[in-house]
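Working notes, beginning with the structure itself.
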Amino acid sequence: MHLLSIEDLSDAQIATILDEGERWFAYNRQPRRNDRRLDGLTIVNAFFENSTRTLLSFEIAANRLGAQVVTMQVAHSSIKKGETLEDTARTLNAMRPDALVIRHAKSGAPHDISAIMDCPVVNAGDGIGEHPTQALLDAATIRQHFGRIGGLKIAICGDIKHSRVARSNAKLLGRLGADLRFVGPPSLMPPELGGGSIDAAVDGANVVMMLRVQRERLEDDLGDAPGEFLSRYGLTEARFAKAAPDAVIMHPGPINRGVEIEGPLADHAERSLIVRQVEMGVAVRMAVLDLLTATRRG
Ligand code: NCD
């Protein structure tokens with residue numbers, strides 16, 4: 001089994017990952033953790049795009065379950081000598097890993113590689129495609145906080161067009177019964193996901209999820225003056241005041257303070273779940289690695 005898209009998961013598997021994620025969250029807060037269920041397995045991380053949260057949390061998740069973890073040094077790899085991604089995959093496969101976690105700038109790259117690999121492949125973000133474990137950790141964080149997802153009003157705001165996080169969340173949170181609203185600058189909105197103003201989207205929302213402008217994926221620069229994005233499309237104190245009284249702020253990171261979100265809102269002690277999302281990321285990735293390697297452990 002691979003995890004390339006939210007569509008690879010059954011409803012029962014989603015429920016298992018969310019339940020187990022919450023359990024691992026509590027487990028990770030204990031002073032000593034000694035679960036060794038992935039003992040004897042080798043997990044390879046191959047990140048062909050920058051990452052802080054996703055790479056480290058996959059490394060920690062695999063380590064905490066007792067696996068041997070190897071992270072490929074992409075900058076020092078033979079990709080720099082002209083080797084194709086497929087040949088790199090054949091090379092990795094010959095070393096018999098038990099799971100491969102891959103991030104790549106090309107949409108569909110993890111899918112292409114999964115046809116070559118004999119082990120489960122996890123998509124840790126492919127271009128503007130999907131980022132299924134981010135959506136799973138977002139869902140787990142929301143469910144932990146509110147005790148449910150169904151019926152919650154969730155506004156996802158910013159560069160929707162280039163966001164693999166938004167794409168995976170549209171599938172997952174939609175399936176779990178959330179009332180989703182997507183909003184961003186017209187040039188950064190895929191037509192099928194609606195539109196409207198950020199003020200209307202945030203009005204009465206229980207969750208406001210902000211996204212970074214993926215400037216590295218823009219064909220033309222946005223051409224926005226400093227402060228313009230925040231005032232037109234960003235999360236400001238005045239806008240957030242219109243959200244539901246119990247509303248929380250989420251962001252997958254990395255944050256661009258003062259661009260899509262005012263810094264103090266990102267740090268808000270009661271309202272911001274951004275750091276909680278990171279903590280849940282380790283827990284949910286433990287649940288994912290456990291599920292995907294279960295059949296290999298006999
Ligand atoms: C996101 C990503 O890489 O897709 N970050 C993450 O994984 N937490 C979002 C982003 O880069 O803005």
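Exactly one residue out of Ile142, Ile113, Ile156 is β-branched (Val, Ile, Thr), in a strand (DSSP E or B), open to solvent by less than 10 Å² (accessible area, probe 1.4 Å) and at negative phi, and it is Ile156. Please work out which one of (1) open to solvent by less than 50 Å² (accessible area, probe 1.4 Å); (2) under 26 Å from Ala124 (Cα atoms); (3) away from the ligand (no atom under 15 Å from the Cβ) is the condition Gly204 fails and give its number. Here Gly204 clears every test but (2). Just one of the listed residues (Ser163, Ser114) is modelled with pLDDT of 95 or more, of a type in the set (Gly, Ala, Ser) and assigned by TED's automatic domain parsing to the domain that holds Val207, and it is Ser163. All conditions but one from (1) without any contact (Cβ under 8 Å) to a residue 60 or more places away in the chain; (2) within 15 Å of the ligand (Cβ to nearest atom); (3) open to solvent by less than 10 Å² (accessible area, probe 1.4 Å); (4) assigned by TED's automatic domain parsing to the domain that holds Thr293 apply to Val122; the one that does not is (1). Considering the conditions (1) surrounded by 13 or more Cβ atoms within 10 Å (Cβ to Cβ); (2) within 16 Å of the ligand (Cβ to nearest atom); (3) not assigned by TED's automatic domain parsing to the domain that holds Asn28, Gly195 is excluded by exactly one of them, (2). Taken as a whole, segment 253-268 holds at least one residue that is within 30 Å of Leu100 (Cβ to Cβ), open to solvent by less than 60 Å² (accessible area, probe 1.4 Å), at pLDDT 95 or above and touching a strand residue (DSSP E or B) at 6+ places or on another chain (Cβ under 8 Å).
Yes/no matrix, rows are residues, columns are (1) open to solvent by 20 Å² or more (accessible area, probe 1.4 Å); (2) under 24 Å from Ala115 (Cα atoms):
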position: Asp8; (1), (2): yes, yes
position: Gln13; (1), (2): yes, yes
position: Gly21; (1), (2): no, no
position: Trp24; (1), (2): no, no
position: Arg32; (1), (2): yes, no
position: Asp39; (1), (2): yes, no
position: Glu49; (1), (2): yes, yes
position: Arg53; (1), (2): yes, no
position: Gln68; (1), (2): yes, yes
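The C-beta contact set for segment 207-230 (first residue on the phi > 0 side of the Ramachandran plot, second residue more than 10 Å from the ligand (Cβ to nearest atom), distance under 8 angstrom, 6+ apart or interchain) comprises Gly227/Gly258.
The values are calculated or read from the model by the stated rules, or taken from the named source; none is laboratory data. What you see is a predicted model, and the numbers here were worked out from it, not measured in a lab. Note that each Cβ is placed from the backbone with ideal geometry, even for glycine, and that neighbours are counted across all protein chains shown. Remember, those area values only see protein heavy atoms, side chains included, never the ligands or the DNA or RNA. Shrake-Rupley method; radii C 1.70, N 1.55, O 1.52, S 1.80 Å.
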